[in-house]
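The values are calculated or read from the model by the stated rules, or taken from the named source; none is laboratory data. None of the values given here were measured: they were computed from a predicted structure. Cβ sites come from the backbone with ideal geometry, for glycine too, and all protein chains shown count toward neighbours.
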Amino acid sequence: MKELALMMVGAALVNNVILARFLGLCSFMGVTTRIDTAAGMGMATTFVITVSSMADWAVQHYLLDAYGLGFLRTVTFILVIASAVQFTEMTIRKVSPSLFQMLGIYLPLITTNCAVLGVALLLVEGKLSFLASTLFAFASAAGYSLVMIIFAGLRERLALAQVPRLFAGPPIGFIVASLLAMAFMGFSGISTG
Amino acid sequence: MSALSRTSAAAPVAAPHASTSGSVTAVMATVMLALTPATLYGFWLYGWPSIYLWLITVAFAMLGEAVCLRLMERRAVPVLFDGSAMLTGWLLAVSLPPWAPWWIGALGGLFATMLCKQAFGGLGQNLFNPAMVARVALLISFPVQMTAWVAPLPIDMAAAPGPISGLLVTLKGIPQGLDAVSSASLLGFAKTEMSRGVDLLQSLPHAPSLSWLGSRPGSLGETASWLIAAGGLLLIVRRVISWHIPVAMLAGIAVPAALLHLVDPARYLDATTHLLSGGAMLGAFFIATDYVTSPNTARGQLIFGAGCGVLTYVIRTWAGYPEGVAFAVLLMNSLTPIIDRYVKPRVYGRDRQGVALDAPAMAARPIVGREY
Amino acid sequence: MKTSLSMIPIVSPPPASRASTATAPLSSTALASPVSPQRPRVEGIARVVAVDCVDGERVWLEPEQTTSCGGCAAASRCGAKGVGTLASRLEARRFPLSANVASPPLRIGERVVIGVEERSLVRASLTAYAIPLLTAFAAGGVAEGLVGSDAVTMFAMLGGLGAGLLLAGGVARRLSARGELAPRYLRRARADESCSTDSTG
Amino acid sequence: MWVAIGSLTLMGLALGALLGVAARYLAVEENPIEAELQSMLPGSQCGQCGYVGCAQAAAALARHEAPVTLCPPGGRALAEALAARLGVKADLSQVVDDGPKLAQVSEDICIGCCRCIKVCPTDAVIGAPKQIHNVIRDACTGCGACIERCPTEAMALVPVPVTLQHWIWPKPAIA
Amino acid sequence: MGLIDRLFKDPAWGVHPDDHKRPAADQPLRVLPPPARLYMPLQQHVGGAARPVVQVGEKVLKGQLLAAAQGNISAPVHSPVSGQVVAIGEVTAPHPSGLGFTAITLESDFAERWIDADAVADPFSLAPEEITRRTAAAGVVGLGGATFPSAVKFVLGQRLKVATLIVNGGECEPYLSSDDRLMRDRASEVVDGARIVMHAIGATQVLVGIENNKPEAIAAMQLAAAPFAEVNICPVPARYPMGSDKQLIQTLTGREVPADARAAEVGVLVHNVSTCAAVHQAVRLGRPLVERIVTVNGGAVREPGNVFAPLGTLVDELLAFCGLHEAPSRLILGGPMMGSPLAHGKIPLVKGASGILAFDAREATIPPAGPCIRCGSCTRACPMGLLPLEMAARIRHDKFDEAAALMLGDCISCGCCAWVCPSHIPLVQYFSHAKGELSARERTRLRNDASRRLAEARVLRLEREAREKAEAALRRKAERAAAKAAAERQETPGETV
């Protein structure tokens, strides 16, 4: 149980999907103008990452490994992720139209999010059990959401600053992202087993 | 009425027509005054090289600010001498190893004011504490120079380098001849011993001595903890900072340390060691309480301080770097906008969520006669 | 030659609306009054913009961007510029109400006062995403503990996910009934009522 | 080799079928936005935007053919609201918004021909044949339709003077 | 005792400016001889401007009605001197914009002949409605600076059955001491006025809140209130803005006025001490509000002090009466914290003017505004619990909606935040700018709604006219056809004749 918790902390903070592995940067830069939209996006991505890594583990374990089709891994994972997102969007829309009202626009965005595929590929090499790999996926997605929310908070404050013309807009955003990554390096070295 | 017509012809002057005598420069000057005792003691402890390093860092910090202001065609003089660039340089110098080479101080000073302050738009708009960002950047890029601690060599001792040789030390680096014993700070020592499997009980007796007076290896700001605490109390009494962040941060370090020390003294240092060593005191009183990057409500500051403390402890105990204050402060700086957004004072006539209070309920409240 | 005549009350067809002279300082506050007994988090003004083409019973409303209704606008306003298509972003901002929630039923262009939860976006995402995940992990944990084989855990988690989605639907219905998710109809707004209180006297 | 191609196509077909079924079972419909854009425009059908009326202007806005600054009577506030509504960036540079301009009759050259009364979209001009006309300032939207119609150029667009109640403190200069 | 008092008893909000009240407060009250010319503005109160009832050239007595109230929130204006109406024209208003408003110009005949007043021996025998009518007729408005017509408040107090009347003797603005001087010299008038107001609204007790930096005033008021049990004098800690209604209510009764409600809805009504004295004059002596005590203070004034001056006097004359030893660098109507700057001295004294300040160069220097260093001292100072730095940051970027979401509407513009800011940022100017812009947008939105309704009404009218014209044409055609048919029928039978 202890090494499970350590593994999750490692996945969420130490080698964070965005700040350490540099995955999912397009949504990281695009959607973080406001905290509640970033939170919405973060949670939607967490759901999709967990669901698709469950499916990916199953496909990898029972299909690709069994028939030695390892080289097909990326293509099948993309297929699985796309259908998982589409399926989620439809169920959410049917289950509660008002929910979809608020969150509908994030789901199509997640299909192109490389963090989803990245996490799926990472957990496959880990050779973890099914539950452990799903927890690993959930933890990395939680780390993704945490960094999205923190960065959205920073950008909301930054929107109020009179940034010099040279740095206004994306440049100062990238500087803040790099400083945030530097701060997260404080966690490096925590033995994640 | 001539004087009158001139002022009113332009835009009318808005109320209030009076204001407090305080100013930003006065605030910065008080903070620098509070830092002076510890810095002077550090100079005495580590001799001339540390004086030159301090001078170079502060000079380059102000140079960086001046260059940026010139680029933005803004008048440099009033901004330069409001003391904020000097304070940033001072805080950075105080957290560097005393005999570090000059280019460490220069690079850190430039980086702090140019990229971490002016790029955001100047004083009051940066998101991270400039001094700490510079220190972390230097620590990550030049780990060797940044962890070359030196045993204290009081300035009046014969072996201590004189003014000229001290300058050489800063410019060229520590000559082999000089027998300045370079040894790790207590935290660094404990971590290396731990990684070699030697638990604390054996390694502590011959660790560098931790006298309350603070004469032990470390940066200028880590030595005389009680001098720094005295400076911090001066700031609290002069109402420059409020007590919330220092108390919360020190508690954030001490509580987990004491608990885990009880659980397993062999693996975890006790609370007083943690408080007196490393940048804990400097961080709590001078770095975490930076106005710009800390929350502006009392409850927010308590959360911020506690966060800094706990993160410092976590990084010191489990993470790779011996000193966690810099990283902890940066991490909590990144959380400040979120703390400020959700922790707000209650508005008069409204409940905590901002919904107006219920008038009939308030009307029913009995009038309690209060004596003043 | 100034020919300004004094403000003539501009008579509009339904209620007699007097063009109220807003006093210079914004004397009133951000929340409308009087407050209905069951206190919604934030009140705002919305305008009926379209009648549902499938069942005439439902009308689509759009939160009005009046100045002092920052609270409700923020809750349902989707600020994510440059994300998703224009239509879906506009779609995400409107909310349906049944037309006969007021008598006579709502018509296009009418302004109503609605109550909406402050942080409904975050609560909405929690119900939509957190609940299914929690039930899935719970089911998976139990299966792993009891049986331990991967296949069983997988099916347990799939079952947990399905159950969670249905549960989320139920919770969402109950929340939207209480105005937690989508805004809830309170009353018809008077013609000149913005989100500030009506003037005294 | 064949197993790889086979398994891929099989999985593609299976997932496609699943989504097809789900699409029909979970269908939900859309709704147009033109009526709503039209409800935002002042509706004075003045034609200054180059479209015949506000309905056509709203349709053009919905199809992104018209800029959000197309409606002078609406001024800067309407341009911003339209921009926010359509989620586009509105460059408000050339929206000359030095305050609303209202029509005003110079009474010494008005011959009472009633032409402006017929053309005013909001009935802001009052008067009778051969009588001097006048403008109700609060009803006038400054659309300028009457300016061209007036034979003796008695009508002119005049900026509204600031009154004590409507004066606004200027924003302090940024330090 | 001071420290403990300051730590535990003093409220956390507000600021403590040094009050500059001495020596002006201790000077005996001087009476200004009636000036030759007076300018009585029609808009000296919140609500509709008064409508003149006198003609140019008409002779008036002191206290005679010059302009009647208009609309349900308004107040009449009376003549402060006996003399002649010279003109009704434009005068510069005591407003930062420097714009003008209409005022009645009077020329005094120095006879000081009062109009015959219908004094009332025992006002407590009058019905509350009668007291309200007399107060309204006398043009009594809130003299603390809000200038809200007092009679309207009485009606509100009656309707909501207010039990407690709070008399506001706070006067927390530095430099000002007009209420202080009034309480010291005419305490009995204030207490009597308060009891009349209490009778008018049916309240059961009166709490007189006076800041504890005015000991002489507290002593005088306690002496005057001794015989009446229901009037109790409560000293309150001297802290700006203790004189603001909401803060005084909270300090005296522990009740908070909800954000969207009025004080009367929490069972409390607040009136200024000068307003109570004016009610006493109006009801008991039948004299309308035509004079008031004004503090003339500031570095440029040779003999600062309180002057009993008729309304409508020019500020220049008041300053000349008190003497100036240098040209004032800035003129302020009211106190330094909330007062409005005056462009020049040719501005009449209005009912709400509690003080005229003439600042010398040192007092008028404003250090240039520096950047906001987010020190948060403005959030600690704000009596309404708002976040001035966050609101100002958003207003700087014209994000008025976000500023409104941070409850800008609750800001009472007291000036504490701008006073305490180490960077001297003019925060109140930011908020006034934002409030002006927000209400301007609200007005344009209402105007757009109204013009859309007008356009729709016109289209409907044109369609109706077209339809009616068509029907009328049809009817006429039908009639002509019928007439022709009838004519033909007449010819055919009559042929044989």
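Whether any residue in the range B:362-371 is farther than 24 Å from B:Asp264 by Cβ, within 14 Å of chain A (Cβ to nearest Cβ) and not in a loop (DSSP other than H, G, I, E, B) is what I want to check. No; the residues of the range B:362-371 include none that is farther than 24 Å from B:Asp264 by Cβ, within 14 Å of chain A (Cβ to nearest Cβ) and not in a loop (DSSP other than H, G, I, E, B). The single condition among (1) in contact with a helix residue (DSSP H, G or I) (Cβ under 9 Å, 6 or more places away or on another chain); (2) crowded, with 22+ Cβ neighbours inside 10 Å; (3) closer than 16 Å to E:Val283 by Cβ that E:Arg186 does not meet is (2). Being more than 30 Å from E:Ala12 (Cα to Cα) and hydroxyl-bearing (Ser, Thr, Tyr) is the requirement here; does E:Ser177 meet it? Criteria not met by E:Ser177. Please find, within the range B:312-346, the residue that is surrounded by the most Cβ atoms within 10 Å (Cβ to Cβ) out of those that are at the interface with another protein chain (Cβ under 8 Å from one of its Cβ atoms) and among the basic types (Lys, Arg). Restricting to residues being at the interface with another protein chain (Cβ under 8 Å from one of its Cβ atoms) and among the basic types (Lys, Arg), the top hit is B:Lys344. Is at least one residue of the range A:128-140 modelled with pLDDT of 80 or more and not in a helix (DSSP H, G or I)? Yes, the range A:128-140 contains at least one residue that is modelled with pLDDT of 80 or more and not in a helix (DSSP H, G or I). Only helices (runs of 4 or more DSSP H) wholly contained in the range A:1-65 count here; list those with 1 or more residues that are at pLDDT below 90 and either touching a Cys at 6+ places or on another chain (Cβ under 8 Å) or on the phi > 0 side of the Ramachandran plot (or both). Of the helices (runs of 4 or more DSSP H) lying wholly inside the range A:1-65, those with at least 1 residues that are at pLDDT below 90 and either touching a Cys at 6+ places or on another chain (Cβ under 8 Å) or on the phi > 0 side of the Ramachandran plot (or both) span A:25-30, A:35-58.
Number of residues in the range A:146-189 that are small (Gly, Ala, Ser), closer than 28 Å to B:Arg70 by Cβ and facing chain B (nearest Cβ under 7 Å): the value is 1. Taking each residue of the range A:32-52 that is facing chain C (nearest Cβ under 9 Å) and farther than 20 Å from A:Arg155 by Cα and looking for partners that are surrounded by fewer than 24 Cβ atoms within 10 Å (Cβ to Cβ) and aromatic (Phe, Trp, Tyr) with beta-carbon atoms closer than 8 Å, six or more apart or interchain, yields A:Thr46/A:Phe138; A:Thr50/A:Phe138.
Checking the range E:193-204 against the condition returns no match, with no residue being touching a residue at least 12 places away in the same chain (Cβ under 8 Å) and over 20 Å from E:Val162 (Cβ atoms). Could you tell me whether any residue of the range E:77-85 is surrounded by fewer than 22 Cβ atoms within 10 Å (Cβ to Cβ), aliphatic (A, V, I, L, M) and either modelled with pLDDT of 90 or more or over 18 Å from the mean Cα position of the chain (by Cα) (or both)? Yes, the conditions are met somewhere in the range E:77-85.
Screening B:Gly309 against (1) touching a helix residue (DSSP H, G or I) at 6+ places or on another chain (Cβ under 8 Å); (2) within 13 Å of chain A (Cβ to nearest Cβ); (3) in a helix (DSSP H, G or I) leaves a single unmet condition, (2).
Counting the residues of the range A:111-136 that are closer than 14 Å to A:Val17 by Cα, surrounded by fewer than 21 Cβ atoms within 10 Å (Cβ to Cβ) and of a type in the set (A, V, I, L, M) gives 2. Under the condition of being assigned to a loop (DSSP other than H, G, I, E, B), modelled with pLDDT of 90 or more and touching a Pro at 6+ places or on another chain (Cβ under 9 Å), which residue from the range B:329-361 is nearest to A:Gly153 (Cα to Cα)? Among them, the one singled out is B:Val343. Among the candidates E:Glu189, E:Glu216, the residue that is more than 13 Å from chain B (Cβ to nearest Cβ) and in contact with a His (Cβ under 6 Å, 6 or more places away or on another chain) is uniquely E:Glu189.
Only residues that are of a type in the set (A, V, I, L, M, F, W, C), under 27 Å from B:Gly22 (Cα atoms), touching a residue at least 40 places away in the same chain (Cβ under 8 Å) and within 11 Å of chain C (Cβ to nearest Cβ) were counted in the range E:400-433, giving 2.
Reported count of residues in the range E:359-395, each being within 11 Å of chain B (Cβ to nearest Cβ), over 30 Å from E:Arg302 (Cβ atoms) and free of Cβ contacts under 8 Å to residues at least 60 places away in the same chain, is 18.
Given (1) of a type outside the set (A, V, I, L, M, F, W, C); (2) on the phi < 0 side of the Ramachandran plot; (3) touching a His at 6+ places or on another chain (Cβ under 8 Å), where does E:Thr147 come up short, assuming only one miss? It fails just one condition, (2).
Sub-7 Å Cβ pairs linking a first residue in the range D:1-25 that is within 7 Å of another protein chain (Cβ to nearest Cβ) to a second residue that is in a helix (DSSP H, G or I) and among the polar types (S, T, N, Q), at least 6 apart or interchain, are D:Met11/A:Thr76; D:Leu15/A:Ser83; D:Leu19/A:Ser83; D:Leu19/A:Gln86, ordered by first then second residue. Counting the residues of the range E:431-460 that are among the β-branched types (Val, Ile, Thr) and under 21 Å from the mean Cα position of the chain (by Cα) gives 0. Of note, A:Thr91 does not satisfy the criterion of being of a type in the set (Val, Ile, Thr), surrounded by fewer than 22 Cβ atoms within 10 Å (Cβ to Cβ) and either touching a residue at least 24 places away in the same chain (Cβ under 8 Å) or more than 9 Å from chain C (Cβ to nearest Cβ) (or both).
Tell me the residue from B:Gly122, B:Gly108 that is within 14 Å of another protein chain (Cβ to nearest Cβ) and over 16 Å from B:Trp54 (Cα atoms), please. Full working, then the answer.
On the way: B:Gly108 fails: over 16 Å from B:Trp54 (Cα atoms).
From the options B:Gly122, B:Gly108, the qualifying one is B:Gly122.
Does the range B:69-105 hold any residues that are assigned to a helix (DSSP H, G or I) and either at positive phi or in contact with a Ser or Thr (Cβ under 7 Å, 6 or more places away or on another chain) (or both), and which are they? Lay out the reasoning, then the answer.
Filtering the range B:69-105 down to residues assigned to a helix (DSSP H, G or I) leaves B:69-71, B:76-80, B:84-94, B:102-105.
Listed by number, the residues that qualify are B:Ala85, B:Thr88, B:Gly89, B:Leu92, B:Ala93, B:Val94, B:Trp102, B:Gly105.
Tally time: how many residues in the range D:136-155 are of a type in the set (A, V, I, L, M, F, W, C) and over 13 Å from E:Leu454 (Cβ atoms)? It would help to see each step written out before you state the result.
The initial filter retains those residues of the range D:136-155 that are of a type in the set (A, V, I, L, M, F, W, C), namely D:136, D:139-140, D:143, D:145-147, D:150, D:154-155.
Restricting the remaining residues to those that are over 13 Å from E:Leu454 (Cβ atoms) gives D:145-147, D:150, D:154-155.
Matching residues across the range D:136-155 total 6.
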